[in-house]
Each structure stands twice: as C-alpha cells, then as structure tokens.
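See structure below.
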Amino acid sequence: MNNINKKERLEILKLIDSDFEILRGHPLPLGAAMVRDGINFAVFSSHSESVSLVIFPQDSDEPLFEIPLDERYNRTGNIWHAFVSGLDAGIRYGYRIECSKEYIGQDVNCNNQIVLLDPYTKAATGGADWDNPFKILRGGKKRTFRLSMIIDDIYDWELDQPLNIPLKDTIIYELHVRGFTRHPSSKTQARGTFKGLIDKIPYLKKLGITAVELMPVTDFDETGNPRIDPKTGKKLHNFWGYDPIGFFAVKAAYAQNNRDGGQVYEFKDMVKAFHKAGIEVILDMVFNHTSEGNEKGDIYNFKCLDKSVYYLLDAQTGDYLNYSGCGNTLNCNHPVVRDMILDSLRYWVMEMHIDGFRFDLASILGRGRDGSVLSNPPLIERIAEDPVLAKTKLIAEAWDAAGLYQVGDFPHWQRWMEWNGKFRDDIRKFIKGDPGMVSKLAMRLSGSSDLYQDDGREPFHSVNFVTCHDGFTLNDLVSYNNKHNLANGEDNLDGSNNCISWNCGEEGDTASEAVKTLRQRQMRNFAAALLLSQGVPMILAGDEFGRTQKGNNNAYCQDNEISWVDWNLAEKNAALLRFFQILIQFRKNHPNLRRTRFEVKTIDGAPEMNWHGFKLNQPDWSYDSRSLAVHYAANKENKDTDIFIIFNAHWEERRFELPKLFSSKTWRRVMDTTLPPPHDIVEEGKEAALDMQDYYPAGARSAVLLIGK
C-alpha cells in the first residue's frame with residue numbers, strides 16, 4: 001500500500017464518497033452489480049475459509065485496501081457477498097481467498113497470494129494494449145494479470161434490437177476482428193478494432209452477407225503462446241483467441257477506445273451499426289475450456305475459487321481431463337457452471353444485442369461431470385429452452401477434441417443448427433474429382449436430409465461451409481496438397497493432415513497460366529456448390545477475393561500477414577469478388593434455393609427437385625461418375641422460376657440434356673465457370689438465351705447455372 005503514489009490515491013478516492021459503508025449484501029446476482037448508492041459484490045467459492053474483496057487503483061498490482069468478508073454475515077451457502085455503499089463506476093477489484101485446511105493439502109492452486117478475477121466481470125483491466133498486457137512477477141515468472149472493473153453500462157441503443165433474420169435467408173461471413181482490418185491495405189484509421197469493422201460495413205453490405213460471425217471477442221491473453229517462428233525468431237501469439245479468461249468481458253485490445261471500459265461501448269456501437277445495415281452479429285463462444293490450462297497453467301480465478309466445480313477432474317488422480325485439447329475441460333453440466341454459461345449468453349443478448357452464438361467444440365457441452373456423454377444433457381436443453389434465447393441463433397460445432405462427433409445427432413435438435421463438417425468434406429472430395437461422390441453431392445446440395453430429416457429438422461439447420469478459420473483458405477484449398485505450418489514452431493506437426501485439397505498440378509505459387517486458370521475455376525466451383533445448396537452458407541473472410549495463408553492450415557498463432565486480410569486482393573481479384581456478389585444476390589432472389597422443408601413439391605404435386613445425368617431423369621450414381629445435374633421446377637407457390645444446375649467434376653466435357661420449358665420460356669445462362677470473366681457470371685436480367693435449348697455442353701471441371709425465363 002505504501003507503493004501507491006498520492007495521485008493514484010486521490011484518483012481512487014474520488015470514486016468513494018462520504019457514505020462509504022460495508023453491509024451484508026445479497027448472494028445474487030453473481031458478480032458486481034451497481035445498485036442505488038453503491039455496489040453489490042457476490043462470488044461463488046465452496047471451499048474458501050475466508051474471502052477478501054480487494055480494491056485497486058488503476059494499473060497497479062498494489063491494492064488500495066482490502067475488505068475481509070465475515071463468514072456469518074457475508075456468506076449465504078457457498079456464495080460470499082457484500083454491499084459497499086459509496087462506491088461508483090471506475091473501481092477496480094478482485095478477490096483473495098483462504099482455502100479450508102482440508103483443501104489446501106489437496107490443491108496447489110489454492111494460493112492466497114493471488115488476487116482473483118471475478119468470473120462475472122463485464123470489463124477487465126490489464127489487457128488494453130495488444131501484445132503488451134499488464135504482468136506481475138509470480139513464482140519467478142512474469143505472468144499476465146487481470147483485474148475486474150466496475151463500469152457504468154448505461155447506453156442509448158435507440159430502437160435497436162436483434163434482427164431475427166429467418167434462418168433460410170441467412171448468409172454467414174466468418175471473420176477475425178483484428179485480422180480483418182489489421183493490414184495497412186484496410187484503409188481504416190482504427191485497424192484491428194471493432195471501430196475498424198464499422199468502417200467495413202459498406203463493403204459487407206455490398207457483398208450481400210446477412211450475418212458476421214466473429215471469432216472469440218471475450219478476453220484472452222494473446223501473449224500466452226511460448227513458441228517462436230523458427231525462421232524469423234519472432235514470438236508467436238495466441239491470435240485466434242480460443243483460450244478465454246472469462247465469458248462476459250469484451251477484449252479491450254480489440255477496441256480503439258480501450259481504457260476504462262470503453263471497449264464495451266465501442267462493441268455496442270459496432271453491433272448497432274451492423275444492425276442499422278441489416279447485418280446480424282453472431283459470436284463464437286468458447287465454453288469448453290479456459291486459459292488456465294492444466295496444473296502447470298496460469299491462475300486467473302476458476303482454479304483457485306473451486307477447480308473441482310469448474311473443471312472436469314479424474315476421480316482417482318485429480319488430474320484435469322482434457323477433452324478440449326487445451327489442457328482442461330469446463331465442467332459444463334455442474335449446476336453452478338450451467339448457470340454461469342446461461343448468465344453469459346443472456347448478458348450478450350440482453351445487454352449487447354447479439355443475434356446468435358456459435359459454440360466451439362459444442363459436444364463438450366453434453367458431457368457429464370465424469371466426462372461421459374449424456375443422452376439428455378441439461379445444459380444443452382436449458383440453452384435450447386431458455387426464454388431469453390428463444391429467437392437467438394444457436395450453432396453447434398458438433399464435435400470435440402476427444403473424438404466425439406455428433407454432426408446430425410446433436411441433442412435437442414429442435415433449436416440447434418450445426419456446422420456441417422460432412423458438407424465440407426463431401427464437397428471438397430467431389431470438386432477435386434474423387435470418385436464415388438455423386439450421391440453424396442446430391443445429399444449435400446439438397447440440405448443433408450440424411451443428417452437432419454429423420455429427427456424433424458429442416459435444411460436450414462445445416463450450416464454449410466467449404467472453408468473456415470480452421471484449415472486452408474479457399475485459395476489455398478486449390479493451391480496446396482499439403483499443409484505448410486513450419487512458421488508455427490511445431491515442426492509442421494500441428495494442423496490437420498486430412499486437407500482434402502488439390503493444388504491443380506503445382507504446389508503453391510506458380511508461373512503457369514494454365515494452373516492459375518484452373519485454380520480460379522475451382523474456386524468458383526466451390527462457391528457455386530456452397531451458395532446453390534440448401535441450408536445456411538458460411539463464407540470465410542477474404543475467400544471472396546482469394547486470400548491466402550501460404551499453405552498454413554492452422555494459423556492460430558500468426559499475428560501477421562499470414563492471417564491478416566490483404567485488401568489489395570479485392571482489386572487484384574475483382575472478378576472473383578464480382579462472382580461471389582452476383583451469386584449471393586442470385587441466391588437471395590430465388591426461394592427455390594432457400595427451402596424451409598425437405599421433400600417440397602410444386603403446387604401441381606410434382607417434385608420440386610429432379611436429378612439428372614447426361615440424359616434427363618437418369619442420374620448416374622455409379623462409383624466412376626463425376627457429374628450431376630439438378631432441376632428446380634417453376635413453383636407457383638413461391639413464384640420462383642425454373643433453375644437448372646450442372647456440376648461436372650470430370651476432366652473432360654460432358655453434354656447434358658435440358659428439360660423442356662413450358663409456355664414461351666427459354667433457358668438462359670447465368671453462370672459457367674469455364675468462361676473467362678465477365679462472362680463467367682452475369683447479373684440477373686442480363687442473361688442471354690442459349691442457342692441450343694435441348695442440351696448444354698458442360699466443360700471440364702465446371703459448374704453451370706441456367707434459368708428459365
């Protein structure tokens with residue numbers, strides 16, 4: 001306390017008035033709640049013998065004062081609480097605990113020298129400057145240190161609310177907040193921030209997407225990666241952020257206004273701006289583990305507060321069970337942890353106006369307190385049935401790092417969409433020319449009825465993607481056969497070996513014009529398969545103009561041009577960008593591509609989807625087949641017209657018979673990926689009628705889109 005200088009003391013005392021008093025307080029809500037004339041503090045810890053509330057000045061590891069809580073007066077059950085009158089927004093605080101004697105002998109993580117972060121804090125201090133977090137010396141090592149902060153969260157949302165865009169109309173765009181605008185070519189004054197995303201809204205609006213899915217924005221330590229790039233010697237980072245310190249606090253380093261809780265207001269400004277543009281905001285939430293790691297990891301709060309409650313532990317050894325691949329696994333179906341996760345989700349919806357969530361390694365949410373897979377997981381049910389979340393989009397990454405794979409079988413299916421990993425794999429195999437994939441292509445184009453129809457779900461429960469943050473970008477998918485991850489400092493052992501990619505004849509950069517042309521065509525073929533399929537398409541940021549990671553398929557640690565979106569490519573590959581824009585708009589214009597149920601029939605009773613091979617009504621499902629066509633019949637009910645789509649993954653041209661159109665309609669070409677830009681795709685209304693109306697020659701490795709008008 002003697003190390004606090006006079007100026008710091010005066011600053012903190014300004015936040016404390018003459019009515020300062022410590023009262024009993026209330027056990028709920030957990031966290032710090034501003035109420036009339038003061039703040040109520042509440043924290044869960046079942047094995048604590050004593051708890052002290054520690055108040056800090058700004059950016060100092062020396063407490064201003066501590067308030068010991070009385071076990072009889074300030075404890076209800078296993079929740080410690082106090083009401084402190086005379087405190088206002090701006091206070092920094094944490095908790096210091098003394099463990100019971102029985103617990104001390106069992107747990108090396110119980111350390112009364114550590115001031116703990118409130119798990120419910122809405123803003124954390126110490127991480128405002130990217131790559132330069134506040135650190136203290138502990139155990140002979142510099143360790144990242146966070147404090148909780150009280151903020152005045154009054155904000156004028158005007159009339160803003162979550163948009164509730166129908167699932168069938170949703171088009172998702174996955175991006176990294178920092179990586180999206182960190183490159184100098186982004187031409188924003190707020191590079192790498194929420195404000196930078198606001199500056200890119202006009203671009204996203206023109207592209208046509210309806211939702212952005214933000215990779216983790218809750219607080220994490222980007223300096224937690226101990227590795228270096230073996231070639232450059234530069235330190236690597238925890239760039240992606242899949243290593244949460246908490247589940248409520250916005251990452252301050254993602255804000256231009258990153259001091260004194262400014263990150264919360266900037267985040268709200270961003271959400272409101274997206275909503276005004278008609279774009280939803282979906283958050284990637286990591287409830288499967290925390291950044292505390294295993295017994296060798298850092299301590300922020302959970303380990304010390306009650307590791308046997310917050311984490312899955314081996315019943316015999318007490319070791320951390322690791323179903324996440326990150327050292328620990330959150331004990332999601334313990335009632336205390338379930339409540340925390342629900343409180344977090346409600347906070348993001350009620351206070352931050354978030355439209356939806358993608359749950360990382362969501363299968364862990366269905367594991368019991370012993371790690372077993374539950375048939376009826378209470379947490380997943382509570383999320384699905386929670387009234388506050390009733391209209392919130394819920395997307396499961398339906399697998400975990402321990403081999404549990406639940407795509408098509410995620411519990412409580414009525415509410416949950418899924419990242420369709422089978423769509424990704426099957427489309428990749430077909431487009432690159434693997435045999436035996438035609439029937440699977442048909443299944444994926446039609447909404448994956450094999451996965452979702454049997455339990456009553458519909459095509460829009462499938463989130464279709466060809467690429468995502470984890471793996472190759474679209475450009476790299478057609479440019480590399482193998483991963484090139486040496487820069488990650490793990491001897492190229494990290495990242496998936498099952499890339500399902502094809503380099504079109506040469507690995508990486510090439511001078512061959514033929515290879516370049518084929519790669520451009522293949523990217524368009526992938527885009528066509530994604531955006532002309534039933535379900536909800538998801539595009540990886542920058543794929544629409546050929547972003548590359550130079551063959552790195554696990555760029556989690558690369559805070560540099562490997563991961564940053566190079567906006568120069570939007571001009572260099574303007575033709576590819578135009579292709580995406582027109583194809584997205586075509587999807588929006590045609591209800592036949594956005595069905596709300598399987599097995600739809602026209603008003604006349606005929607099937608809406610008809611499969612064809614080279615000859616009408618004769619699809620070739622054989623192992624050696626690499627071609628398929630689908631006809632969406634004109635539908636008077638939704639007022640859509642005839643659509644005919646051809647996919648030819650063969651290395652030779654194939655001629656497809658065309659259905660006869662009624663009335664005076666003719667087949668017109670919208671897209672043919674073998675044609676050079678701008679003829680590869682045309683805006684609706686500019687299609688030219690085909691010279692031959694009874695067949696179409698689909699070129700080698702091509703996708704064709706025709707419309708009847």
- Query: Can you give the angle from 0 to 90° between the axis of helix 513-531 and the longest principal axis of the chain, with both taken from C-alpha atoms, to the nearest 10?
  - Reply: 70
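List the GluC sites (Glu not before Pro) within the stretch 650-709 that DSSP assigns to loop and that have no more than 11 neighbouring Cβ atoms inside 10 Å.
Here the GluC sites (Glu not before Pro) that fit, given the DSSP loop and packing criteria, are Glu652.
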- For the stretch 319-376 and the stretch 523-545, what is the separation of their C-alpha centers, rounded to whole Å? 30
- Scan around Gly127 for amide H atoms under 5 Å from its own, H built in the peptide plane at 1.01 Å from N, and keep only partners 5 or more places away or cross-chain. Phe134
- Task: Note down the relative contact order for the stretch 411-560 as a percent, whole number, built from C-alpha pairs under 8 angstrom at least six residues apart.
- Result: 31
- Straight-line reach from Lys639: which aspartates and glutamates have a Cα under 20 Å away, not including same-chain ones fewer than 8 places off? Asp169, Glu599, Asp604, Glu608, Glu683, Glu684, Glu687
- Helix 262-276 sits at what angle to the longest principal axis of the chain, using alpha carbons and giving 0 to 90 degrees rounded to 10? 30
- Item | Rounded to whole Hz, the Karplus (6.51, -1.76, 1.60) HN-Hα couplings of the stretch 290-301, x for glycine and proline | 10, 6, 6, x, 8, 4, 8, x, 5, 10, 10, 6
- Message: Compute, for the chain, the length of the dipole vector about the Cα centre, with Cβ point charges of +1 (Lys, Arg) and -1 (Asp, Glu) only. Units Debye, rounded to 20.
- Response: 1620
- Message: Based on alpha-carbon centroids, what's the gap between the stretch 189-259 and the stretch 435-451 in Å, whole number please?
- Response: 35
- Message: Give me a comma-separated list of calculated 3J(HN,Hα) values for the stretch 229-236, in order, Karplus coefficients 6.51, -1.76, 1.60 applied at θ = phi - 60°, integers in Hz, x for any Gly or Pro.
- Response: 6, x, 7, 9, x, 7, 5, 8
- Unpartnered cysteines - no second Cys beta carbon under 4.7 Å - across the chain: Cys304, Cys326, Cys332, Cys468, Cys499, Cys504, Cys557
- Query: When the Karplus curve 6.51 cos²θ - 1.76 cosθ + 1.60 is applied with θ = phi - 60°, which whole-Hz ³J(HN,Hα) does each residue of the stretch 311-324 get, with x for Gly and Pro?
  - Reply: 10, 7, 10, 5, 5, 8, 9, x, 5, 6, 7, 10, 7, 9
- Collect residues whose amide H, placed 1.01 Å from N in the peptide plane, falls under 5 Å from the amide H of Leu116; neighbours closer than 5 in sequence don't count. Tyr95, Arg96
- Task: Calculate for the chain the 222 nm mean residue ellipticity that helices alone would give, adding -39,500 (n - 2.57) per DSSP H run of length 4 or more and normalising by residue count, nearest 500 deg cm²/dmol.
- Result: -6000 deg cm²/dmol
- Message: What is the sum of charges, Lys and Arg at +1 and Asp and Glu at -1, for the other residues whose Cβ falls under 10 Å from the Cβ of Asn553?
- Response: -2
- Give me the lysines in straight-line cross-link reach of Lys187: C-alpha distance below 21 Å, same-chain residues under 8 apart excluded. Lys195, Lys200, Lys205, Lys206, Lys572
- Query: Given (1) 27.2; (2) 28.9; (3) 29.6 as candidate values of Kirkwood radius over Cα pairs in Å, which corresponds to the one derived from the coordinates?
  - Reply: (1)
- Near the amide H of Ser625, under 5 Å away, which other amide H atoms are found, from residues 5 or more places off or on another chain, if H is placed in the peptide plane? Gly436
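Counting Lys +1, Arg +1, Asp -1, Glu -1, what net charge surrounds Glu683 among other residues with beta carbon under 13 Å of its beta carbon?
+2
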- Message: What is the angle, in °, between the Cα long axis of helix 335-350 and the longest principal axis of the Cα atoms in the chain? Nearest 10 is fine, range 0 to 90.
- Response: 70
- Kindly work out what percent of the DSSP beta bridges joining two residues of the chain are antiparallel, to the nearest 5. 75
- Message: Filter Lys660/Lys686; Lys432/Lys483; Lys235/Lys296; Lys135/Lys483 down to the pairs with a C-alpha to C-alpha distance above 26 Å, please.
- Response: Lys135/Lys483
- How big is the stretch 272-379 by the Kirkwood estimate over distinct Cα pairs, in Å? 14.9
- If one computes the Cα centroid of the stretch 641-658 and of the stretch 117-164, what distance in Å separates the two points? 54
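Since every read-out is calculated from the coordinates, none of them should be taken as a lab result. Because the structure is predicted, anything quoted here is derived from the model rather than measured. Glycine gets a Cβ as well: all are built from the backbone with ideal geometry, and neighbour counts include every protein chain shown.
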